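Right, one structure below, let's go through it.
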Amino acid sequence: MTTRPPDPAPAAPAAAPVAAPAAATAAGLAAKLLPPGRRAALVPRHAVTERVVAAGAVKVVLVRAPAGFGKTTAMLQLRERLHEGGVATAWLTLDRADNDLPRFLGSLGAAVAGLDRDEARPLGAPLDAVAALAHEGPPFALFVDDFERVQETAVLGLVSEIIDRLPRRGQLVIGSRSLPPLGLGRLRARGQLLEIDAEALRFTLPEAVAFFALAQQRGREALPAGTVARLHGKTEGWVAALWLVSLALERHAGGGDFVERFSGSNRAVADYLAEDVLAHQPPEVRDFLLRTSILRHLSAPVCKALLPRMDCARLLERLEAANLFLTPIGEDAHSYRYHSMFAAFLRAQLEREHPDELARLHLAASGWYESQGRPVPAIDHAIDGGDHPHALTLLAQHATTFLEQGRMRLLARWFSALPADLVRAQPALQAVAVWAQAFTHGPWEAMALLERSGLAEVADAGVQAHVNALRPLLLAMMDRPEEAVDIGRASLAALPTASPFADSVLLNASAHVLSVLGDQHQPQRLLDAARRAHRDSAFNRMYTESLEGVLDLKQGRLRQATARLRLAVAATPQAVVSYHHTNGNAWAGVLYAGVVYEANELEAAERLLNVYLPLARDVGLPDHMIASHRMRARIAFGQGDIDLAFEILAELEYLGHHRQLPRVVASARLERARLLGLQGNGPGALAELQRADDPAVWARCEGQHLPAQELDDMAIGRLRWDIHFGDARAAVPRLEQALHEAQRSGRAYRALKLQVLLALAWRRAGQAAQATALLATVLASACREGFVRLILDEGPPVAALLQRVQAAADEGSRPADPILADLVQRLLAAAGGPVALDDEAAPAAQGDAPSPETLTRKEIRVLQLLAEGYSNSALAEKLFVSDSTVRTHLRNINTKLGSHSRTQAVAVARRLSVIR
């Protein structure tokens with residue numbers, strides 16, 4: 001045989017082990033980071049590689065084709081070609097375990113570290129992989145193979161974020177059997193996507209001739225040119241079929257009759273050829289191939305565990321020398337995998353010929369991995385082999401460790417594959433299954449499972465500890481804090497119990513519920529007790545720090561909240577390699593994104609939300625769903641992507657309806673009203689406010705301190721509308737009363753927002769001096785703690801007030817505080833620069849008053865879209881014109897209206913009744 005199989009087999013799906021030796025863990029990661037072993041004899045794919053090089057600065061190269069078309073070989077040669085051209089490259093092979101976000105992020109960080117793109121990072125500091133890939137610098141290409149293995153929306157969202165942020169000289173090369181859901185249509189429309197499909201990967205006739213010529217160099221019989229041409233025509237250039245034909249021809253001298261009988265290029269042909277090749281192997285080799293096909297990674301020791309009477313090291317060397325079925329893993333001379341197409345054939349053949357062997361082989365593999373301290377592949381093999389009792393035995397030994405580490409998705413995957421009756425027979429494991437269900441599929445499904453399980457009737461003290469912690473936690477997650485606090489109090493009275501993990505969760509959940517219900521003292525004592533109850537649990541460490549951060553933020557301590565939430569998202573054990581503040585922990589992740597957003601670090605917040613929003617959506621916690629969608633919509637609106645902002649809110653509203661969460665539905669409508677108000681659409685905003693006004697929802701919220709409603713509830717929504725479109729003077733006493741109540745109950749964060757709104761109300765009521773003084777007071781607090789978005793999210797009116805604060809400071813007798821002055825400058829810059837005070841447009845030039853009649857119909861349409869907040873690029877898409885055409889329209893509008901900015905142009909147009 002003259003060339004390697006066209007594609008490598010997928011990597012092992014085992015997630016990062018809990019107690020694996022460091023060498024085993026490093027070896028597993030190294031296998032993913034190294035491309036498949038390079039064979040010397042390869043048919044050069046010049047047409048493919050040069051097509052990529054000629055494409056220049058496309059962001060994504062998608063190499064997509066079914067199995068056996070040589071995707072990985074083409075990627076390997078492209079990698080070498082780019083490397084020769086001075087482009088830094090890194091490789092990452094995915095497997096199904098990369099659907100676990102922490103696992104994917106760890107692998108990604110390790111791959112990106114090889115590019116040396118974060119030169120400023122201190123030695124030993126964690127790598128922010130997305131930021132490193134977004135950094136402008138020398139050219140690089142990140143190769144990601146077997147991408148079809150990933151379906152998790154959070155992982156796909158992160159990859160989409162990477163693509164969006166790639167710098168001018170950065171490139172992502174994806175190998176996949178299917179079209180990945182990464183929003184490629186937009187990249188294709190912008191000319192930022194190059195697709196290499198099956199047609200491009202088929203061997204041309206000259207490449208087929210070169211392929212068989214290489215076979216001849218390895219001592220195989222030469223084929224006449226006509227025979228090669230017929231084979232090329234019959235296989236349609238399918239690389240795998242040609243490779244298998246070359247193997248089969250060894251037993252058909254001359255090949256004439258075989259070639260004439262051979263027809264087609266589908267999977268049935270591949271199976272036929274593979275069977276033909278397998279049938280002519282010596283019995284020992286055939287037996288080895290079949291029985292080791294259950295393994296995802298092959299090495300002599302693990303093969304020996306399956307086949308103790310065989311010389312497995314010698315057989316592996318023999319198969320490699322014959323280039324038969326095996327693909328080396330990276331540069332490791334002793335680790336291999338079968339090509340996926342042939343592995344599937346071999347496993348099917350094993351099931352047909354030796355169905356009774358499967359359980360024994362999987363059990364042997366499971367035992368070997370268990371002996372190596374690798375419980376994840378040990379449990380995987382036990383399940384794959386149908387040995388569910390042994391899988392449960394292993395799981396029982398390690399479930400508590402996985403639970404304490406927060407490995408909920410891994411646990412959920414296993415429990416979904418195990419028979420429910422066997423799990424129910426082990427109450428301790430059934431309790432773990434409920435925990436996993438809660439944090440992967442949401443509290444409703446978990447509560448239903450808890451009720452079906454009968455765990456409440458189990459006498460075991462450890463099981464009862466889990467039940468007593470689960471009930472109040474699930475009720476709190478289901479937005480039922482009043483019920484949760486009653487049940488929680490009874491459970492707290494029984495502490496301590498036989499389960500420190502459950503005790504700590506109960507203390508944390510009770511602290512959260514009491515905080516929501518307005519208790520200002522007891523939550524802190526419970527959190528302190530939770531820390532003492534179980535210091536070694538990564539999950540509970542995350543939970544406690546998250547809740548501390550929520551309390552800090554409510555009390556106006558943004559810097560302390562940020563520090564605590566940063567600790568919470570980093571509360572991942574070393575066994576799960578984390579990615580700088582983004583390790584897949586949805587509970588803490590959304591909260592951390594919130595404080596990052598508040599500090600106006602919008603790019604970082606958007607990156608975090610791309611990871612955590614899908615996870616929050618899957619778990620279904622109301623506050624997390626509301627907060628994540630609201631932030632993402634606000635970021636999109638601020639970027640001028642108005643359509644996306646409203647799409648995000650439509651999704652939130654749908655989720656609320658689908659999951660029967662009226663507070664989620666009302667919050668989506670409330671935020672839509674806010675955005676309509678920012679567009680100047682008072683009637684639309686009022687209509688949406690009326691739709692959001694669900695009395696049952698907001699009556700409950702009035703007596704609770706819900707994190708997602710701290711700055712945005714129905715009362716604030718109505719006050720905001722009155723300030724901008726109604727009777728601002730009448731809103732003042734209501735704002736003062738709300739402010740007094742917030743201050744009395746220790747809600748400093750809410751009090752700051754109400755002060756901003758009160759300043760805006762005074763300004764519109766004509767009390768500019770009072771408004772300016774109050775906003776200056778707010779800015780002093782914001783300056784100390786770093787609050788930004790609670791001010792900026794009020795839109796252009798607050799920018800006008802900021803200018804008054806700046807002017808008052810400049811005119812004062814005492815020197816202005818330089819730190820405060822810098823904050824005001826930064827706020828004005830973030831708000832879009834100077835605006836006309838009191839919403840008055842800049843006057844036109846003397847003797848040249850603006851006239852609406854001079855505006856064209858297209859320019860009026862541009863003004864309407866400007867008023868709605870669309871960015872230049874979004875305007876271009878809406879109007880089907882180029883960005884330069886949009887800039888021309890804006891220059892013409894400013895000239896005709898005598899304005900100097902987008903904001904002034906809109907103000908002039910409204911004053912002239914050109915737009916509403």
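Using the per-residue mean of other Cβ atoms lying within 10 Å as a proxy for protection, in what order, highest first, do the peptides 369-380, 167-178 fall?
Result, highest mean first: 369-380, 167-178.
At R0 = 41 Å, how high is the FRET efficiency between SER371 and ARG559 if r is their beta carbon distance? Nearest 0.05 is fine.
Using R0 = 41 Å, I get an efficiency of 0.25.
Please work out how many pairs of lysine residues in the chain are eight or more positions apart (or on different chains) and have Cα atoms closer than 26 angstrom.
The result is 10.
Quick one: if the Förster radius is 60 Å, what FRET efficiency do GLU702 and ALA348 give, using the C-beta to C-beta distance and rounding to 0.05?
That gives a FRET efficiency of 0.45.
Between LEU879 and GLU284, what is the spin-label point distance in nm, taking each point 7 Å from the Cα along the Cα→C-beta axis?
Those two pseudo-labels are separated by 7.8 nm.
Can you pull out the chymotrypsin sites (Phe, Trp or Tyr not before Pro) in segment 475-571 that DSSP calls coil and that have at most 12 other Cβ atoms within 10 Å?
none
If a/c stays under 1.5 just call it rounded; otherwise compare a/b with b/c (prolate if a/b is bigger, oblate if not). Do that for the chain, with a ≥ b ≥ c from the square roots of the Cα gyration tensor eigenvalues.
Since a/c reaches 1.5 but b/c is at least a/b, the shape of the chain is classed as oblate.
Per 0.36 nm of contour for each residue apart, how much would the distance between ASP536 and ALA396 grow if the chain were fully extended, relative to their Cα-Cα spacing?
Going from the current span to full extension adds 48.5 nm.
With a 1.4 Å probe and every protein chain left in place, tell me how much accessible area MET542 has, in Å² to the nearest 10.
10
Taking the Cβ-Cβ separation of ARG691 and LEU422 as r and a Förster radius of 45 Å, what is the calculated FRET efficiency to the nearest 0.05?
The calculated FRET efficiency here is 0.40.
Suppose the chain between HIS388 and ASP528 were pulled fully straight at 0.36 nm per residue; how much longer would it get relative to their current alpha carbon spacing?
Here the segment from HIS388 to ASP528 would lengthen by 46.3 nm.
Give the carbon-plus-sulfur fraction of the accessible surface of the chain in %, rounded to a whole number; probe 1.4 Å, heavy atoms of protein chains only.
Carbon plus sulfur share of accessible area: 53 percent.
If I take every Cα pair under 8 Å that is 6 or more residues apart in the chain, average their sequence separation and divide by the length, what percent do I get for the relative contact order?
Relative contact order, the chain: 9 percent.
Under a crude label model (7 Å from the Cα following the beta-carbon direction), how far is ALA808 from ARG190 in nanometres?
4.3
Excluding ligands, DNA and RNA, what is the solvent-accessible area per residue of the chain at a probe of 1.4 Å, expressed in Å²?
Heavy-atom SASA per residue in the chain reads 39 Å².
Quick one: which residues, 5 or more positions from ASP145 or on another chain, have an amide H under 5 Å from its amide H? H modelled 1.01 Å from N in the peptide plane, none for Pro or chain starts.
Excluding prolines and chain starts, which carry no amide H, the hits are LEU92, THR93, LEU94, GLY175.
How large is the charge dipole for the chain, taken about the Cα centre, if only the Cβ atoms of Lys, Arg (+1) and Asp, Glu (-1) carry charge, to the nearest 20 debye?
1140
Toward the positive end of the charge dipole of the chain, about the Cα centre and with charges on Cβ (Lys, Arg +1; Asp, Glu -1), which of ALA627, ALA829, MET542 goes farthest?
Toward the positive end, the furthest listed residue is ALA829.
Are there GluC sites (Glu not before Pro) in segment 153-223 that DSSP marks as loop and that have at most 14 other Cβ atoms within 10 Å, and which are they?
Taking segment 153-223 and a limit of 14 other Cβ atoms within 10 Å, the loop GluC sites (Glu not before Pro) found are GLU221.
Kindly point out, ordered by number, any Cys in the chain whose beta-carbon has no other cysteine beta-carbon under 4.7 Å away.
CYS701, CYS783
Residue by residue through segment 467-478, what is 3J(HN,Hα) from phi via Karplus (6.51 cos²θ - 1.76 cosθ + 1.60, θ = phi - 60°)? Round to whole Hz and write x for glycine and proline.
4, 5, 7, 5, 4, x, 4, 5, 5, 5, 5, 8
For a test of the definition: using alpha carbon positions, the gyration tensor, and the 1.5 limit on a/c, classify segment 716-783 as rounded, prolate or oblate.
Note, shape of segment 716-783 comes out oblate.
As a check on your grasp of the helix formula, calculate [θ] at 222 nm for the chain: sum -39500 (n - 2.57) over DSSP H runs of n ≥ 4, divide by the residue count, round to the nearest 500.
-19500 deg cm²/dmol
Zone of ALA498 (label point 7 Å along Cα→Cβ, backbone N under 17 Å): which residues in segment 400-417?
Answer for segment 400-417: 400-401.
The values are calculated or read from the model by the stated rules, or taken from the named source; none is laboratory data. Note that the structure is a prediction, hence the values are computed from the model and not measured. Heads up, the Cβs are rebuilt from the backbone with ideal geometry, glycines too, and the neighbour counts pull from every protein chain shown. With ligands, DNA and RNA removed, areas are computed over all heavy atoms of the protein, side chains included. Shrake-Rupley method; radii C 1.70, N 1.55, O 1.52, S 1.80 Å.
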